[in-house]
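Here is the structure we will look at, set down as structure tokens.
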Amino acid sequence: QLVESGGGLVQAGGSLRLSCAASRLTVSSYTMSWFRQAPGKEREFVAGISWSGGVVYPYSLEGRLTISRDNAENTVDLQMNSLKPEDTAVYYCAARADNYVARSPNEYSYWGQGTQVTVSS
């Protein structure tokens with residue numbers, strides 16, 4: 001089970017830190033990723049970390065996002081800076097049992113319920 005937290009309303013230019021708490025799976029043994037989905041749009045990959053620690057970001061978001069993993073807490077966080085109104089979406093945590101950061105949501109077996117991020121202009 002994956003449970004996201006940390007979403008909310010923030011002004012453009014602000015920051016948010018999302019957290020994904022895992023139970024019944026160990027984040028250090030899975031590839032963990034974050035996706036987002038805005039109304040009327042497809043689910044979009046935003047960051048991933050493989051079980052060996054490799055991180056991947058889409059080119060369009062690189063520099064504003066940082067994904068990190070806390071093995072002791074069994075959590076995966078997403079630090080988001082310089083937020084823009086177009087970052088508004090529901091953000092999901094996902095896991096796959098492979099050491100590869102896939103960008104397609106179809107490659108992930110486990111999903112959280114999502115947390116809403118709203119960026120006002």
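Only one entry of 3, 10 meets the criterion of being in contact (Cβ under 8 Å) with a residue 24 or more places away in the chain and either part of a helix (DSSP H, G or I) or more than 16 Å from residue 93 (Cβ to Cβ) (or both), and that entry is 10.
To keep it simple, each residue is scored yes or no on (1) under 17 Å from residue 118 (Cβ atoms); (2) free of Cβ contacts under 8 Å to residues at least 60 places away in the same chain.
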residue	(1), (2)
20	no, no
30	no, no
34	yes, no
55	no, yes
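Go through (1) assigned to a strand (DSSP E or B); (2) open to solvent by 50 Å² or more (accessible area, probe 1.4 Å); (3) touching a residue at least 40 places away in the same chain (Cβ under 8 Å) one by one and return the number of the condition residue 73 breaks. With respect to (1) assigned to a strand (DSSP E or B); (2) open to solvent by 50 Å² or more (accessible area, probe 1.4 Å); (3) touching a residue at least 40 places away in the same chain (Cβ under 8 Å), residue 73 is out only on (1). The condition (being at pLDDT 95 or above, over 11 Å from the mean Cα position of the chain (by Cα), surrounded by 12 or more Cβ atoms within 10 Å (Cβ to Cβ) and part of a strand (DSSP E or B)) is satisfied by just one residue among 46, 117: 117. When we screen 66, 31 for residues that are open to solvent by less than 20 Å² (accessible area, probe 1.4 Å) and out of contact with any Leu (no Cβ under 7 Å at 6 or more places or on another chain), the only hit is 31. Selection of the stretch 39-53 for residues being touching a helix residue (DSSP H, G or I) at 6+ places or on another chain (Cβ under 8 Å) and either closer than 20 Å to residue 90 by Cα or without any contact (Cβ under 8 Å) to a residue 24 or more places away in the chain (or both) yields 43, 45.
The values are calculated or read from the model by the stated rules, or taken from the named source; none is laboratory data. Treat the numbers as computed from the prediction; the structure is a model and nothing was measured. All Cβ positions, glycine included, derive from the backbone under ideal geometry; neighbour counts span all protein chains shown. Just the protein is used for accessible areas: all its heavy atoms, side chains included, with ligands, DNA and RNA removed. Shrake-Rupley method; radii C 1.70, N 1.55, O 1.52, S 1.80 Å.
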